[in-house]
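What follows is a set of notes on a single structure, which appears directly below.
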Amino acid sequence: MTTPKLIHTHPLQPTTSTSITNNPNTNPPLTIDLLLTTLTRTILHPIPSYILLLCLRAQATPYTSLPFIIAIIYSALLTLIYILSTLNQQLAYGAPRPVDLSNEVVVVTGGASGLGLLIARIYALRGASVAVLDLRGISDEEVEEMGLGGCFVCDVSDRRALEGVVGRVAVELGPPTILIHCAAARINGLPLQQLSPEAFQKTINTNLLAAVHAYQVFLPYMLAAPDGGTIVTVSSVLGQLCAAGLADYSASKAGLSALHRSLEAELRQSGDDAKVKMVLVEPGQISTPLFESVQTPNRFFAPVLEPVQVAQAIVSAVDSGRGGVIRLPAFAMLVNWYAVLPASVQRLARYLSGIDGAVAQASSKPGRADSSSQQLQTELDHVKED
């Protein structure tokens, strides 16, 4: 592979996801996520409540009238919730670190395809130095066309290979300051009794052990950087909602989330949490080759995510300079409450959701990969056009 060169490109313009009309995973026009987003930006946001108070006063509504009192209480409640939310973010994750993309070196593991490639292209379009680490390479022509700093063929679960590649990245692009860990193994979709030890070990190596190596190799660079760094871990809600047929995947993702939280606690204990921000991503069902044929019982409550939605959420979190947890769609934010439910209620929820039969049904349907790849390419083309 030739020595990658740094490409400076124009800033990113706003992007949106292009729907695929023949995709069976297309969500309905109205979902619970759309409703909640609309509400939180309108009647559940403090600013419209202030406008309501001004309108009442413009009509000479007395301060002692019931409508004005209700409006005052409503506005005060929304303001209090907003203040507490901001205070919670500050206490939990501290002050944001300064993020200047012209000084950042972004490394995306698993960045040659899927979610990782979308994130890499977004940062490349914005002029950041981006290095992609993946088992699957990208041609030099594509690297230059996308404005990437370089694509390095590397098995992230191989510690020695990873150390060598990261050393090259540091020399050619600069010390890495943002790690977005998207590397993941192909989902086997088999019951545990039918899963070979080699296949299980490969999933653990790629989904969990690779993260151990990545954290240990990249963290010293971030601690030495003047403005610190950011580590993004892409896990899954299936680390908590363990589905039948995904024993290896769920175990690896549960371990990945636990590993992320442990490192976050260690950084906080050592006082380095001010320099290195940790972002944990636990998305729900994403439109991928395996899950493309899975039909959830109700897409109003559990819409399927497009990769570009998750990519935009991750980029926004990194740009803010803050740590945190990203859970999409809305139901994913309630997953932590699942464990406190009575066992009988948990079983009922699993039965109604169809989670334990979804993988078997998806695995039996042909033609998943071609349609999903076509959809992803459309999203990539749309990012490029914007």
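Read the figures in this text as sums done on the coordinates, not as results from a lab. Because the structure is predicted, anything quoted here is derived from the model rather than measured. Quick reminder, even Gly has a Cβ in these numbers, built from the backbone with ideal geometry, and neighbours come from all protein chains shown.
Percent of Cα-Cα pairs per 5 Å bin, from 0 to the last occupied bin, for segment 29-140, please list those.
Taking all Cα pairs of segment 29-140, the binned fractions are 2, 10, 11, 10, 9, 12, 12, 10, 7, 6, 5, 3, 2, 1, 0 percent.
Restricted to Cα positions, what overall size does segment 237-286 have along the principal axes? Three whole-Å values, descending.
41, 18, 11
Given all pairs of different Cα atoms, what value in angstroms does the Kirkwood hydrodynamic radius of segment 241-355 take? Walk me through the intermediate numbers first.
Numbers: mean 1/r = 0.0622 Å⁻¹.
Across segment 241-355, the inverse of the average 1/r is 16.1 Å.
Counting alpha carbon pairs within less than 8 Å and at least 6 residues apart, what relative contact order, in whole percent, applies to segment 121-220? Don't skip to the end; give the middle numbers.
On the way: 102 pairs, mean separation 26.2, N = 100.
After rounding, I find 26 percent.
With a cap of 14 neighbouring Cβ atoms within 10 Å, and only residues DSSP puts in a loop, list the chymotrypsin sites (Phe, Trp or Tyr not before Pro) found in segment 65-107. Could you put the intermediate results ahead of the total?
Values: sites: Phe68, Tyr74, Tyr82, Tyr93; in loops: none.
In loop regions of segment 65-107 (DSSP not H, G, I, E or B), there are no sparsely surrounded chymotrypsin sites (Phe, Trp or Tyr not before Pro).
If you build the convex hull over the alpha carbons only and average its shadow over all orientations, what do you get for segment 184-310? Give it in nm² to one decimal.
Taking a quarter of the hull surface, the average projection is 9.2 nm².
How much length, in nm to one decimal, is gained on full extension between Arg41 and Gln194, taken as 0.36 nm per residue of separation minus their Cα-Cα distance?
On the way: separation 153, 0.36 × 153 = 55.08 nm, distance 4.82 nm.
So the chain would gain 50.3 nm between Arg41 and Gln194.
Compute, for segment 94-385, the length of the dipole vector about the Cα centre, with Cβ point charges of +1 (Lys, Arg) and -1 (Asp, Glu) only. Units Debye, rounded to 20.
Around 1020 debye, computed over segment 94-385.
Please label the shape of segment 94-385 as rounded, prolate or oblate, based on the square roots a ≥ b ≥ c of the eigenvalues of the alpha-carbon gyration tensor (a/c under 1.5 means rounded; beyond that, a/b larger than b/c means prolate, else oblate).
On the way: a/c = 1.66, a/b = 1.39, b/c = 1.19.
Verdict is prolate for segment 94-385.
On the first, second and third principal axes, largest extent first, how far apart are the outermost C-alpha atoms of segment 38-90 in Å?
39, 22, 13
Compute the Rg/Rh shape ratio of segment 73-194: radius of gyration over Kirkwood radius, all on alpha-carbon atoms. The partial results should precede the final answer.
Working: Rg = 19.4 Å, Rh = 16.8 Å.
The Rg/Rh ratio comes out at 1.16.
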